[in-house]
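Engineer: What follows is a single structure, and I will ask about it in a moment.
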Amino acid sequence: MDESLVVIVRSLIAFVTLFIFSRLLGKQQISQLTLFEYILGITIGSIAATLSVDLTSRAWPHWVGLATWTFVVFALQFTTVKSSAAKKYLVGRPTILINNGVLLEDEMNQVRFTLTDLLEQLRDKNVFDISQVAYAVLETSGHLSILLKSEYQPVTRQDMQVAPQKAVLSPQVVFNGQVVEQNLTFLNKDPAWLIDRLKAQGINDPAQVFVATYNETDDNLYVDKYKDN
Amino acid sequence: MQKVSYYLIATIVLFSFAFFMNSADYLRKPTNEQNNLALHVKNLDQNILEENWDEAEHNYIQLKKAWDEIVKKIQFSVEKDEINYININIARLNAYIKVEDDDGALAELYELEEHWNNLNR
């Protein structure tokens with residue numbers, strides 16, 4: 001028995017299987033997962049690791065375990081999407097910790113959230129004074145969402161009655177020294193226009209550019225060259 | 001169309017893996033007389049009972065060759081311990097045949113047969 005060869009083959013099986021299953025489970029980021037999904041993720045990873053290197057047992061039972069856990073997670077996801085009651089039961093509900101500026105100690109005890117935890121999460125959101133907070137909600141993912149009292153909220157264009165500016169993307173027109181023609185077409189521009197604009201900044205060849213982006217709103221071409229000086 | 005081909009490829013890959021991981025029963029089936037392990041076990045059983053040690057030595061070599069060939073094919077879908085148990089049986093069988101001990105040789109041969117029958121079960 002060639003152990004290394006067997007481990008390589010089993011690892012490839014585990015890797016590709018995990019890849020397919022994780023694609024099936026969706027695009028949620030780790031930060032968006034509920035605690036339950038996070039734990040399930042760890043379990044699935046652990047089973048895949050055993051499938052890969054534990055040669056004292058056959059690969060097949062581990063693979064079946066992997067498929068079963070994935071199917072269960074998939075079924076749970078499907079159920080929570082289709083039924084709000086099931087979602088409430090399986091995922092839980094967000095908990096209000098600060099209501100209209102008042103700390104709700106009972107709610108905090110219920111979710112075992114200490115004042116230190118609360119202050120830490122507030123600082124993480126650049127709030128260093130708890131009196132500025134109108135509402136704080138502990139989401140099912142464990143993250144804290146906050147709403148500042150109106151006097152502490154940043155001024156917006158609407159508050160100042162300033163005409164809004166169109167929010168636009170700034171597509172890359174040069175990437176790694178290559179002109180991105182697809183984005184130029186999207187901007188209704190052509191390579192000649194780009195060359196002219198680069199020349200205006202003292203650049204003769206797009207190959208000298210690491211990245212260049214164009215903002216239509218203020219007609220600004222941002223350029224970063226390979227040679228910074 | 002792209003979505004269909006994605007699901008189709010994923011399904012084919014997963015089913016191929018499932019087949020590959022369960023292929024030991026299929027791959028250990030003899031394709032010729034040389035790699036027919038069950039036949040060599042049967043021949044050895046007869047040789048040992050008749051105390052025909054020269055023939056037993058010859059059949060032992062055939063059995064070892066057959067096993068080495070089979071292991072290469074089934075190593076991905078069976079337990080390492082299952083392979084090791086049969087390796088040990090074969091090594092002991094060799095010693096018993098060399099010293100012409102029919103009791104020990106038969107015991108090892110029957111244990112080997114048991115392990116062989118229970119492989120991948």
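None of the figures in this text is laboratory data; all of them are computed from the coordinates on show. Being a predicted model, the structure only gives us computed values, none of them experimental. Cβ atoms come from the backbone with ideal geometry, glycine included; neighbour counts cover every protein chain shown.
Engineer: If you take the beta carbon distance between B:Asn120 and A:Leu187 as r and set R0 to 56 Å, what does 1/(1 + (r/R0)^6) give as a FRET efficiency, to the nearest 0.05?
Structural biologist: That pair, B:Asn120 with A:Leu187, gives E of 0.35.
Engineer: Taking chain A as a Gaussian network, Cα atoms linked when under 10 Å apart, which of A:Gln165, A:Gln201, A:Gln153 shows the biggest mean-square fluctuation?
Structural biologist: It is A:Gln201.
Engineer: Give or take rounding to whole Å, what are the principal axis extents of the alpha carbon atoms in region B:63-119, in descending order?
Structural biologist: Principal-axis extents of region B:63-119 (Cα, largest first): 35, 20, 14 Å.
Engineer: When Lys and Arg each count +1 and Asp and Glu each count -1, what net charge do the other residues less than 15 Å away from B:Asp81, Cβ to Cβ, add up to?
Structural biologist: With Lys, Arg at +1 and Asp, Glu at -1, the net is -3.
Engineer: Let me ask another. With n ≥ 4 as the cut-off for DSSP H runs, can you work out [θ] at 222 nm for chain A, using -39500 (n - 2.57) per run divided by the number of residues, rounded to the nearest 500?
Structural biologist: Counting only the DSSP helices, I get -15000 deg cm²/dmol.
Engineer: Measure off 7 Å from each Cα along the Cα-to-Cβ vector at B:Ile12 and A:Asn176, then give the distance between these two points in nanometres to one decimal.
Structural biologist: 2.9 nm
Engineer: Within chain A, which complete DSSP H helices have Cα atoms spanning at least 30 Å along the helix axis and a mean Kyte-Doolittle hydropathy of 0.0 or higher?
Structural biologist: A:3-25, A:59-82
Engineer: Find the lysine pairs in chain A meeting two conditions, Cα atoms under 23 Å apart and a separation of 8 or more places or different chains, and report how many there are.
Structural biologist: Close lysine pairs under the 23 Å cut-off: 9.
Engineer: P(r) for the protein assembly as shown: what percent of alpha-carbon pairs falls in each 20 Å bin, starting at zero?
Structural biologist: Taking every Cα pair in the protein assembly as shown, the percentages come to 19, 28, 31, 16, 6, 0.
Engineer: Right, next: Choose one answer from A:Val179, A:Val81, A:Val111: the residue with the largest mean-square fluctuation in a GNM of chain A with alpha-carbon springs under 10 Å.
Structural biologist: A:Val179
Engineer: With the Cα gyration tensor of region A:82-229 giving a ≥ b ≥ c as the square roots of its eigenvalues, does the rule (a/c under 1.5 for rounded; else a/b larger than b/c for prolate; else oblate) give rounded, prolate or oblate?
Structural biologist: prolate
Engineer: May I pose another question? Tell me, which longest segment in chain A has none of the chymotrypsin sites (Phe, Trp or Tyr not before Pro) that fall in DSSP loops with at most 15 further Cβ atoms within 10 Å?
Structural biologist: Counting at most 15 other Cβ atoms within 10 Å as exposed, the longest clean stretch of chain A is A:1-127.
Engineer: Moving on. So if R0 is 22 Å, what FRET efficiency would B:Asn32 and A:Ser11 give, r being the distance between their Cβ atoms, rounded to the nearest 0.05?
Structural biologist: 0.10
Engineer: Take chain A, connect every pair of alpha-carbon atoms lying under 10 Å apart with a spring to form a Gaussian network, then pick out the residue of A:Asn99, A:Asn109, A:Asn215 with the largest mean-square fluctuation.
Structural biologist: A:Asn215
Engineer: Along the Cα→Cβ direction, 7 angstrom out, place labels at A:Thr116 and A:Arg157. What is the inter-label distance in nm?
Structural biologist: If labels sit at A:Thr116 and A:Arg157, their model points lie 4.5 nm apart.
Engineer: Between A:Ser4 and A:Ala200, how many nm apart are label points set 7 Å from Cα along the C-beta direction?
Structural biologist: Each label point is offset 7 Å from its Cα along the Cβ direction, giving 6.0 nm.
Engineer: Moving on. Give me the extension gain from A:Ala85 to A:Val53: residue separation times 0.36 nm, minus the current Cα-Cα distance, reported in nm with one decimal.
Structural biologist: 7.4 nm
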